[in-house]
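Okay, so here's the structure we're looking at.
The values are calculated or read from the model by the stated rules, or taken from the named source; none is laboratory data. Quantities reported herein were computed from a predicted structural model and do not represent experimental measurements. Here the Cβ is made from the backbone with ideal geometry for all residues, glycine too, and neighbour counts use every protein chain on show.
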Amino acid sequence: MSRLDDEVLKFVERAQDGRRTASAKSLHGLTHRLLEQEDDELSDDDLQMVVSVSMKERFFEEVDDFLESMNVANRLSSKNRLDMAQVSIELGRYGSGIALLDVLAIEFADDPVLFAEAKGISGRAHKDLFLNALKGNRVAAQLHMKKSLQRYKEGCTGAAEKRNWLIGNLLAVGTRARIEGFELPFELDFDALADEIEESTARLPEEDRGFYVWSSLAEARISREDWNGVSDAVSGMLATHDVDVFKLSSTLRQFKTVWALPRSTKKAKLLVTGLERAILNQANGEVHMDASDIRRQRQTNEGDLEAQFSNALLRGRGWMLKFLEIGNSIVSVVDLHSGAVRGTCCIMNGGDLAPELDGKLLGLTNDHVISEYPQEYETLRPLRPQDAAVRFTLSDNPKQEYEIDEVIWSSPFRHHDACLFSFKDALPIDASNFEIIEYLPPAPQDPPAEVFVVSHPNPDEPSYSFQNTDLLMHDGDDRGSDTLIPGRIHYTTGTIKGSSGGVALNAKLKMIGLHHAGSDELDRIDGEPGHHAANEAIWIVAILNAIRDDLSQGRTRSSAVD
């Protein structure tokens, strides 16, 4: 095996294990080799494996550069050009994605499979634009609805094995258009289309049915409001050998945004809830939930849910609801001038931090997110307090910005990387809804203890990370519970850019640390030489001790040393 083959396998292993930071670095290295024309040892199979895994695990930003480097190196296959269009659409570059697909549909006229895929992906792009335009531009919505239906219909003349997928989308978009009061561009016989999916599926033995066969069957049954039948199809879909995060996420999006199942019957809502939970059990599974999603999860009858889905796919009701509710106390940090999201902030009960802060609700984030000393940072500088605000995206007014009043205490990146502050106005919650715990699980142990992370890297909803959650190591035992020195916790739980300032939780969902960094070359903290791939939080006990000690001596900036 060549060194480059080994790098490819390393990327695949890291990606499938949910180690996004480490896998992104591997992919960057392979991208560099392609751009520098150092790819002689990279076989076509290697390249296709990298692209396939990236797409399945939804690593769209990472694979975007890789596909472009393949283009520069003249290593793109025809399928990869469809991948480039798909990635553009996933990243919101609809214009360039649709333009490329229009060209590819012409080029693929003699290849039924690629032609059907080009038309189907184009139909999906216009479907997204249709749904987006419904929020305020019905003229544009009608235009994109028509183009979406036309692309899906044109794709049906391609490969027979793609037909059910395309028909399912005709049913979904056509039904939604009819609900919204739009005139369809051509007649659709909804019952006949659903019958065709049922009949073609029945001809396939169950063991030969792939994910999209079952998902199309589910859509045919949704169109008839046959909820028991939909449940059977979704259960079959989740049990297929080719299930992956990309397909699950696409199906969830279809159920939620096109079919609008959360606004439908009780059984329809259960299907969405179960699918969300199934995605969160995937290594790279991530579900973004707004306030209505959280309410739906809270109101779910767990017995009803378990009746529709395998219990192995689900976590207990109490645990799940507690985990989701923690999102009420995890808010986004935004730039007051641009509105851009810059990080995450934990809302803390002041009395949990220091006696003199009792009765106050305070914000705690990283110093590298908000700081009174931005000049200490050489690269991306933190926001100054007067330039920052937070948003409670699960509140009744998710766009309202709450400005910072004053910084109470802070500690630089090289120490606790923390900034504690008060707010100018009353907050939309009465108290923080997570607890602080003053001890850490043993580490390492077999099986490893777990670390869960709630953060806010996305502008509209918190992110819940509870896959690949191994606690690797910490130095709390060496530091001791009275330490002023920042103890560190290393774990594999995946996070993305913007998660800094999130909360790290133990298996009982109690706060053990403030998430602040991640790398595939973090210095080990167990006394062994070298580095490893991990995310890192600062032990909350060390932060509490430093706050209490500094405030008692009238200091607002930590003087702790390593």
For the stretch 322-376, which positions are within 27 Å of M289 (Cβ to Cβ) and without any contact (Cβ under 8 Å) to a residue 40 or more places away in the chain? S338, G339, A340
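For L440, indicate whether it is surrounded by 15 or more Cβ atoms within 10 Å (Cβ to Cβ), over 14 Å from A507 (Cβ atoms) and in the same structural domain as R479 (by TED's automatic domain parsing). Before the answer, list the steps.
Details: surrounded by 15 or more Cβ atoms within 10 Å (Cβ to Cβ): yes; over 14 Å from A507 (Cβ atoms): no; in the same structural domain as R479 (by TED's automatic domain parsing): yes.
Considered against the rule, which asks whether it is surrounded by 15 or more Cβ atoms within 10 Å (Cβ to Cβ), over 14 Å from A507 (Cβ atoms) and in the same structural domain as R479 (by TED's automatic domain parsing), L440 comes out as no.
Restricting attention to the stretch 237-254, does a residue exist that is farther than 25 Å from F59 by Cα and among the aromatic types (F, W, Y)? Spell out how you get there, then give the answer.
Restricting attention to the stretch 237-254, the residues satisfying the condition of being farther than 25 Å from F59 by Cα are none.
No, there is no match, as no residue in the stretch 237-254 is farther than 25 Å from F59 by Cα and among the aromatic types (F, W, Y).
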Answer from I106, I89 - the residue that is under 19 Å from K162 (Cα atoms), part of a helix (DSSP H, G or I) and β-branched (V, I, T): I106
Note down all Cβ pairs under 8 Å where the first residue falls in the stretch 44-60 and is without any contact (Cβ under 8 Å) to a residue 40 or more places away in the chain and among the aliphatic types (A, V, I, L, M), the second is surrounded by fewer than 22 Cβ atoms within 10 Å (Cβ to Cβ) and not in a helix (DSSP H, G or I), and they're at least six residues apart or on different chains. L47/R75
Determine which single condition P457 fails, assuming it passes every other condition in (1) of a type outside the set (S, T, Y); (2) out of contact with any helix residue (DSSP H, G or I) (no Cβ under 8 Å at 6 or more places or on another chain); (3) within 16 Å of G513 (Cβ to Cβ). (3)
Take the conditions acidic (D, E), under 27 Å from T21 (Cα atoms) and crowded, with 21+ Cβ neighbours inside 10 Å and apply them to D367. Does it pass? yes
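Can G350 be described as touching a Gly at 6+ places or on another chain (Cβ under 9 Å), farther than 22 Å from S499 by Cβ and exposed (fewer than 15 other Cβ atoms within 10 Å of the Cβ)?
Values: touching a Gly at 6+ places or on another chain (Cβ under 9 Å): yes; farther than 22 Å from S499 by Cβ: yes; exposed (fewer than 15 other Cβ atoms within 10 Å of the Cβ): no.
Judged against the criteria, G350 is not a match.
Going through L101, L129 one at a time, which residue ends up being modelled with pLDDT of 95 or more and either in contact with a Lys or Arg (Cβ under 6 Å, 6 or more places away or on another chain) or over 22 Å from L252 (Cα atoms) (or both)? Please lay out each step first, then the result.
Details: L129 fails: either in contact with a Lys or Arg (Cβ under 6 Å, 6 or more places away or on another chain) or over 22 Å from L252 (Cα atoms) (or both).
That would be L101, the only listed residue that is modelled with pLDDT of 95 or more and either in contact with a Lys or Arg (Cβ under 6 Å, 6 or more places away or on another chain) or over 22 Å from L252 (Cα atoms) (or both).
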Given (1) closer than 23 Å to L131 by Cα; (2) polar (S, T, N, Q); (3) surrounded by 18 or more Cβ atoms within 10 Å (Cβ to Cβ), T240 misses just (1)
Please count how many residues of the stretch 417-457 are within 24 Å of S559 (Cα to Cα) and modelled with pLDDT of 95 or more. 6
Within the stretch 103-123, can you find the residues that are touching a Phe, Trp or Tyr at 6+ places or on another chain (Cβ under 9 Å), more than 19 Å from F186 (Cβ to Cβ) and crowded, with 19+ Cβ neighbours inside 10 Å? L104, F108, L114, F115, E117, A118
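Just the residues that are of a type in the set (A, V, I, L, M), closer than 23 Å to W214 by Cβ, part of a helix (DSSP H, G or I) and over 28 Å from the mean Cα position of the chain (by Cα), please, taken from the stretch 140-169.
Step one: filter the stretch 140-169 for residues of a type in the set (A, V, I, L, M), giving 140-141, 143, 145, 149, 159-160, 166-167.
The next check asks that each one be closer than 23 Å to W214 by Cβ; those that pass are 159-160, 166-167.
So of that shortlist, the ones also part of a helix (DSSP H, G or I) come out as 160, 166-167.
Listed by number, the residues that qualify are A160, I167.
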The lone exception for R391 - which of (1) in contact with a Lys or Arg (Cβ under 8 Å, 6 or more places away or on another chain); (2) within 21 Å of G513 (Cβ to Cβ) it fails: (2)
If I filter the stretch 173-187 for residues that are within 20 Å of K247 (Cα to Cα), in contact (Cβ under 8 Å) with a residue 40 or more places away in the chain and polar (S, T, N, Q), do I get at least one hit? no
Quickly run through the stretch 168-189 and pick out the residues that are under 14 Å from G155 (Cβ atoms) and not hydrophobic (A, V, I, L, M, F, W, C). G168, N169
For the stretch 511-533, what are the residues that are modelled with pLDDT under 90 and surrounded by 24 or more Cβ atoms within 10 Å (Cβ to Cβ)? G518
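Of the residues that make up the stretch 203-217, is at least one polar (S, T, N, Q), in the same structural domain as G120 (by TED's automatic domain parsing) and under 23 Å from the mean Cα position of the chain (by Cα)? Can you show your working first?
Taking the stretch 203-217 first, the residues polar (S, T, N, Q) are 215-216.
Subset that is in the same structural domain as G120 (by TED's automatic domain parsing): 215-216.
From the residues that got through so far, the ones that are under 23 Å from the mean Cα position of the chain (by Cα) too are 215.
Checking the stretch 203-217: at least one residue is polar (S, T, N, Q), in the same structural domain as G120 (by TED's automatic domain parsing) and under 23 Å from the mean Cα position of the chain (by Cα).
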Identity of the residue in the stretch 202-216, touching a residue at least 24 places away in the same chain (Cβ under 8 Å) and over 8 Å from M237 (Cβ atoms), that ends up surrounded by the most Cβ atoms within 10 Å (Cβ to Cβ): S216
Pairs needed: first member in the stretch 72-87, within 13 Å of S122 (Cβ to Cβ); second member anywhere, of a type in the set (D, E, K, R); C-beta distance under 6 Å; at least 6 residues apart or different chains. L82/E117
Residue pairs qualifying under the 6 Å Cβ cut-off, at least six apart or on distinct chains, with the first in the stretch 472-483 being charged (D, E, K, R) and the second being outside any loop (DSSP other than H, G, I, E, B), are D475/R488
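Do we find a residue being of a type in the set (S, T, N, Q) and free of Cβ contacts under 8 Å to residues at least 60 places away in the same chain anywhere in the stretch 484-493? Quick ask: steps written out before the conclusion?
Applying the first criterion (of a type in the set (S, T, N, Q)) to the stretch 484-493 yields 492-493.
Now restrict to residues that are free of Cβ contacts under 8 Å to residues at least 60 places away in the same chain: 493.
Within the stretch 484-493 (the criterion being of a type in the set (S, T, N, Q) and free of Cβ contacts under 8 Å to residues at least 60 places away in the same chain), the answer is yes, since at least one residue qualifies.
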Have a look at A172, A192 and point out the one that is in a helix (DSSP H, G or I) and farther than 16 Å from S250 by Cβ. A192
On the given criteria, is F66 in a helix (DSSP H, G or I), of a type in the set (F, W, Y) and over 22 Å from the mean Cα position of the chain (by Cα)? no
Test E536 against the criterion of being crowded, with 19+ Cβ neighbours inside 10 Å, charged (D, E, K, R) and either touching a residue at least 12 places away in the same chain (Cβ under 8 Å) or assigned by TED's automatic domain parsing to the domain that holds L383 (or both), and give yes or no. yes
Tell me, yes or no, whether the stretch 461-468 has at least one residue that is at positive phi, of a type in the set (S, T, N, Q) and in contact with an Asp or Glu (Cβ under 7 Å, 6 or more places away or on another chain). yes
